[in-house]
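Reviewing the structure listed below.
Read-outs: derived from the displayed coordinates by stated rules, not from any lab. Since this is a predicted model, take the numbers as computed values, not measurements.
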Amino acid sequence: MCSSSVSDPWCPPKVVSPGPTVDSEPGRNPAGTGGTTSAGDPGHERVRGTHPGPPGRITTVTTERIGPPLRGDERETLRAFLDYHRATLALKCDGLSTEELRQRSMPPSTLTLLGLVRHMAEVERTWFRRVINHEDVPLVWSPDGDFQVAYDASAATRSEAFAAWQEEVEHSRRIEREAESLDVTGHHERWGEDVSLRLVMLHLIHEYARHNGHADLLREGIDGTVGA
């Protein structure tokens, strides 16, 4: 049972609305979940409603997010949790302009939602393409391999950042699906060790979960929107 006081990943997020709820047409978020389920499935969560925003503005929520299967096998469950967290980051950015996504709402931190999207594009590329798929490609935003560059979104745009992130997510999904098993390994150059696809998927879930916590606070600071 969903509780009004406890955030549960299988319950629809609480959306605080300044006006009547607006039902959105369901749509697959390119960086969110890749599959579909019936609306009656307990793992199906269609997020829709309105955001509280600046005076006179109501932002419709359109992101569709599908919860992990309750009795899936290991690979199916890892895949679903990773897609769930990808969709959560997209949800946190729903309805915001480039300027709002660049907003540093938790000073003195310079972290922004747009910077997080850019950073996760680097994370997806590094672990799936560079490590598991052995591709000799540079980082998305830094030819010198500096991961900190992605966080600087001062000159970035929403369309640019999301296009790069969504492209890397699609590469990651393809590489994972084509891998024979979770025991497939790639070499992590910095660690000097081989790592399994299983570890990579768990690490990506960890990365998204951590940064989605940051995204919660950033979004609330921008327009007061709260929710899972």
Extended-chain gain in nm, criterion 0.36 nm per residue less alpha-carbon gap, HIS187 and HIS206: 4.9 nm
Using every Cα-Cα pair within segment 127-174, state what percent have a distance larger than 13 Å. 63 percent
For segment 95-192, using Cα atoms only, the Rg and Dmax in Å read 14.9, 46
Built amide H within the under 5 Å cut-off of HIS188, gap 5+: GLU193, ASP194, VAL195
When the chain is fully extended, how far beyond the present Cα-Cα distance does GLU135 get from GLU76, taking 0.36 nm per residue of separation? 18.7 nm
Phi angles of segment 68-85, converted by Karplus (6.51 cos²θ - 1.76 cosθ + 1.60, θ = phi - 60°) into ³J(HN,Hα) in whole Hz with x for Gly and Pro, give x, x, 7, 9, x, 6, 4, 5, 4, 5, 4, 4, 5, 5, 5, 5, 4, 6
